[in-house]
């Protein structure tokens, strides 16, 4: 397996043992501790190659988490097919994918319920059900769909509930009775390597303080959390106007825009992701050293999930709270924390080294990463260090290219074909707010 890990951690070893040997399991472990691998490894052991039907169903609250689990499964290099189904994805493409059924099917409750209604895949061979981040699915109101799905799975013999939050009431419809509980959530937050700092804003509009704070982070990237979609857009636009490369992400964007924003953040063409709580968990984004709370959430557990984007496992990180004296004080915050003075920081962070290039073809056009690397190297005359992260989707792809090589690359490949076909290749649009008509 090319997962880049030498040994499993204690949680993963215990989870593997429990999932293989027990029928009902509740796995509680912090964000970033490796839960996905903890349940996928035993699932792999339980799959039977002679069964050409869905054997394991994994329900997730968001498409992002589903795609992340799919990536981990693919990295494991198994011979078993996996598919992800979610709202906003073409149902026709999904039905076609399911006609050659995967052994592992991942999906959001609404979309999986829709497929069960349509009868697009067989249910009689599904023996394992995993509800990942099921507390989030409950928060999002998926009770009805989850109850409907579980009621249709008559051959289930293993149920695994996974969460990063403890003290959750398990709904009756899951039929999880007296589960084996594996609780790896630290009893007090002091056990993490997270330090929290207060940034006092003199202005009620905290943009100036955010700008100064970002200027003081030594050009390291950060996630900035706020409570409203329009605030995410406004903050991102304002930072871009000041010369800081930011992008925004929230639930009101269409799927393509959300995907594009995450890709630009992941590959380093945007250094700052301005987002709502949608990005607090379940996203495939790199480990951060800095999490910034432009607004604080009303509930402590959301604050904890946001902070879970940094100080994971053995790494350390800092959460910054920007506060103005007029704001209501929240019970769960200890305002006696260290104050971080950012007033004098005004030198802009270094611009990103990479820019994202869009390619109008993907997996369904028979394109893969190797094709893109070969084409950009041979025809585009890029050298090894000039190419960053490449992501190939169904019908489009994105590649990170060193900023100072983009112009020459586009000039060199202008009239060239890749795999005998002419694709549209250009600098990817930045996700910026659409102007009001």
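A few notes on this one:
- Mean ellipticity per residue at 222 nm, deg cm²/dmol - from DSSP H runs of n ≥ 4 across the chain, formula -39500 (n - 2.57): -9000 deg cm²/dmol
- For the range 285-388, a Kirkwood radius taken over Cα pairs fed into Stokes-Einstein (4 °C, viscosity 1.567 mPa s) yields D = 70 µm²/s.
- Ranked packing of 403-411, 299-307, 342-350, 55-63, most packed first, by mean Cβ within 10 Å: 55-63, 299-307, 403-411, 342-350
- Under a Gaussian network description of the chain, with springs only between Cα atoms under 10 Å, the residue in 177, 104, 291 that fluctuates furthest is 177.
- Tensor-based shape of the range 10-183 (alpha-carbon gyration tensor, a/c under 1.5 rounded, otherwise prolate or oblate): rounded
- Sites residue 407 and residue 383, calculated FRET efficiency, Cβ-Cβ separation with R0 22 Å, nearest 0.05: 0.90
- Take the Cβ atoms of residue 152 and residue 334, set R0 to 35 Å, and the FRET efficiency comes out at 0.15.
- Unit Cα scatterers, Debye sum, the chain: log10 I(q)/I(0) for q = 0.07, 0.11, 0.13, 0.14 Å⁻¹: -0.38, -0.94, -1.27, -1.40
- With a Förster radius of 45 Å applied to the C-beta separation of residue 6 and residue 52, the computed FRET efficiency comes to 0.85.
- Fully extended contour minus Cα-Cα distance, from residue 360 to residue 219, at 0.36 nm per residue: 47.6 nm
- Take each peptide in 319-332, 37-50, count the other Cβ atoms within 10 Å of every residue, and average; sorted highest first, the result is 37-50, 319-332.
- Each DSSP beta bridge with both residues in the chain is either parallel or antiparallel, and the antiparallel ones are about 20%.
- GNM flexibility winner over the chain from 171, 352, 101 (Cα, springs under 10 Å): 171
- Of all DSSP bridge pairs formed entirely within the range 354-427, close to 100 percent run antiparallel.
- Residue of 247, 108, 174 that the Gaussian network model of the chain assigns the largest fluctuation, springs spanning Cα pairs under 10 Å: 174
- Shape class for the range 202-329: rounded, because the ratio a/c of the largest to smallest gyration tensor axis (alpha-carbon atoms, square roots of eigenvalues) is under 1.5.
- Relative to the current alpha-carbon distance between residue 75 and residue 227, full extension at 0.36 nm per residue lengthens the span by 51.3 nm.
- The order of the peptides 387-400, 267-280 by mean Cβ neighbours within 10 Å, most packed first, is 267-280, 387-400.
Every number here is computed from the coordinates shown, using simple stated rules; none is lab data. Fair warning: this is a prediction, and the values are worked out from it, not measured in the lab. Glycine gets a Cβ as well: all are built from the backbone with ideal geometry, and neighbour counts include every protein chain shown.
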